[in-house]
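Reading through the structure tokens given below for one structure.
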Amino acid sequence: MTVQGNVLGFPILSLVTFLPLVGAFLLLCVGREQIRSLRNLAFLTSLATFVVSLPLPFSYDQTTPAVQFAERASWIPSIGVTYFFGLDGISLWLVMLTTFLSPIAILCSFESIKHRAKEYYIFMLILETGMLGVFLALDFFLFYVFWEVMLVPMYFLIGVWGGPRRLYAAIKFFLYTLVGSVLMLVGILALYFFNAGGLAAVGLEGLGNEATFSITHLYTIATQIPPEMQFWVFLAFFVGFAIKVPMFPFHTWLPDAHVEAPTAGSVILAAVLLKMGTYGFVRFSLPILPDATVEAVGWVGVLAIIAIVYGALVAMAQKDMKKLVAYSSVSHMGFVMLGMFALNEAGLRGSILQMLNHGVSTGALFLLVGIVYERRHNRMIAEYGGIAKVMPLYATYFMIMTMSSIGLPTLNGFIGEFTILIGAFHHSWVWALFGASGIVLGAAYMLWLYQRVFFGELSNEKNKALPDLNRREQWTLIPLVIVAFWIGLYPKPFFDRMAPTVDRVLERVVAARPDLDTGAARVAEIAHAPAAEPAGEHGE
């Protein structure tokens, strides 16, 4: 993989990653009783991180798959560990999603978090640093450090500021993800020792190169990794990433974590943390383990289809609004995996875009559920009905994000789902059929939720005095609505910047399996074909 220098002339990736951590240290100097100062400082720090990250998409060279804005320095040379940050078309939009949603998550916490506010905002900022580091690290050791760092603040956010069953949910979340992390570490070490020539004892001939955890170097030797080793490493990675997605049957921690987490925790968990699993597949499994990836397409596709249909059916049966949205994430992320393992351009591009779409739409839905929960301290669907009469603004925003979630044209969900269906159909019409059934079921449970909560008679006396959205709450929702319409109406900037990197990933898979039809050859042939002669000069 080609690595380009930093065109901006300063270490912007490190600044973006560690600026929230600086803010967390500054919060240590603020008195515990100064709640207003604590939340303002946390919000301004996260907002500044977003502002600093804005040059990234505008300065990004969309004509090349090379790693850009690279920062590299020796860290632990004795074992080949480097401080290596970089950005490409896969990680660019996930970084922007993280910096975009973090200040919104902090802003939505202003009124709901009064207990241990200092620790809460410190953990939120540390969590942002951990998430950004996961998407930017191009050294496996560094990646794993950030992956583990990210788990700790989320554990405390659920365990301290969550609902009645918060300790159970926090421990379950931590244990599930820790098991996946340990297996992922085994896979990382296997690749490290293979590259260092240290696997001869188990019958695998290593390359004998200098020991290194560099991910870009592993890309260059991917085709030399024996297929049997690829299978076991892929399996180790699969468990680690599938738990994070979460894929069926590793999904059982998600509803508990979502339901018990505070609103901001649910937003970040759904919008960003789940994407780390899908990011891991497209960053590591596909390009580094291409043989194993191709062999796994069939059973991964089956698991993705089960997640799509099962998640939708279980969501339809929920009585709790938050749990319904949580199970919808299982279905939507199954859709992302289906597009990714179609192993063609449309499927993979749609999969990456749908990661962003899910972050925007589901993050907004958790915000909206949290708003009404702050007023009533009740999320049961049966407790509501007809509240559009007293909360018309709230009903409008909820309707827009519902339409985004179910893929209404002109909104972001439609573009991602349509592109994934093209890729799925190119692989198998059966995949496309089950994928489409998930869309239909998604529309059913979301519209049924909306009908039961907002329409009908306003019979519950407790709902008749509900205040509509205030200015702060609207400011948490307006940016998400704007992005939903932007992607839905003009997705070209998003596709353009990811296209070269997606094509490069598929080239690596094709290099291992030339018989695989990804569509890349046809697109390249069209792109490089000579222009047709004008009919008036040489034609009839």
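The values are calculated or read from the model by the stated rules, or taken from the named source; none is laboratory data. This structure is a prediction, so every number in the text was calculated from the model and none was measured. Note: ideal-geometry Cβ built from the backbone for every residue, glycine included; neighbour counts use all protein chains shown. Accessible surface is based on the protein model in full, side chains and every heavy atom, while ligands, DNA and RNA are left aside. Shrake-Rupley method; radii C 1.70, N 1.55, O 1.52, S 1.80 Å.
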What pairs in 118/319; 322/462; 322/464; 323/462 have C-alpha atoms more than 28 Å from each other? 118/319
Compute the helix-to-body angle for 471-489: its Cα long axis versus the longest principal axis of the chain, expressed 0 to 90° and rounded to tens. 40
List, in order, the whole-Hz ³J(HN,Hα) value for each residue of the stretch 236-252 obtained from phi through the Karplus relation with A = 6.51, B = -1.76, C = 1.60 and θ = phi - 60°; use x for Gly and Pro. 5, 5, 4, 4, x, 7, 5, 5, 6, 4, x, 9, 5, x, 9, 8, 5
Under Karplus coefficients 6.51, -1.76 and 1.60, residue-wise ³J(HN,Hα) of the stretch 406-412 in Hz, glycine/proline x: 8, x, 6, x, 5, 10, 4
Sort the following peptides by mean Cβ neighbour count (other Cβ atoms within 10 Å, averaged over residues), highest first: 267-273, 154-160. 267-273, 154-160
Below 8 Å between Cα atoms, with a sequence gap of 6+, how large is the relative contact order for the stretch 256-377 in percent? 31
Tell me, what is the per residue accessible area of the stretch 113-268 in Å², probe radius 1.4 Å? 33
Sort the following peptides by mean Cβ neighbour count (other Cβ atoms within 10 Å, averaged over residues), highest first: 138-145, 327-334. 327-334, 138-145
Percent RCO, i.e. relative contact order, over the chain, from Cα pairs under 8 Å lying at least 6 residues apart: 14
What is the spin-label model distance, in nm, from residue 51 to residue 152 if the labels are put 7 Å beyond Cα along the C-beta direction? 3.0
If I compute solvent accessible area with a 1.4 Å probe over the protein chains, what percent of it on the chain is carbon and sulfur? 67
Pairwise label distance in nanometres, residue 436 with residue 468, each label 7 Å out on the Cα-Cβ vector: 4.0
What ranking do 400-411, 478-489 get when scored by the average of other Cβ atoms within 10 Å per residue, highest first? 400-411, 478-489
Sites excluded, trypsin sites (Lys or Arg not before Pro) in DSSP loops with at most 15 other C-beta within 10 Å, longest stretch of the chain: 166-318
Applying 1/(1 + (r/R0)^6) with R0 = 41 Å to the Cβ-Cβ distance of residue 478 and residue 228, what FRET efficiency is obtained, to the nearest 0.05? 0.15
Mind running the shape call on the stretch 261-322? Use the C-alpha gyration tensor, a ≥ b ≥ c as the square roots of the eigenvalues: rounded below 1.5 for a/c, prolate if a/b tops b/c, oblate otherwise. oblate
Length released on extending from residue 444 to residue 383, taking residue separation times 0.36 nm less the Cα-Cα span: 19.9 nm
May I ask you to derive the FRET efficiency for residue 451 and residue 59 from their Cβ-Cβ distance with R0 = 41 Å, giving the value to the nearest 0.05? 0.35
Potential extension, residue 165-residue 220 segment - 0.36 nm per residue separation minus Cα distance: 15.1 nm
As an exercise, use a Förster radius of 35 Å and the Cβ-Cβ distance of residue 22 and residue 374 to find the FRET efficiency, rounded to the nearest 0.05. 0.70
Which whole-Hz ³J(HN,Hα) couplings does the stretch 92-98 yield from phi under the Karplus relation 6.51 cos²θ - 1.76 cosθ + 1.60, θ = phi - 60°, glycine and proline marked x? 3, 6, 6, 5, 5, 4, 5
Extension gain from residue 458 to residue 145, taking 0.36 nm per residue of separation minus the Cα-Cα distance: 107.5 nm
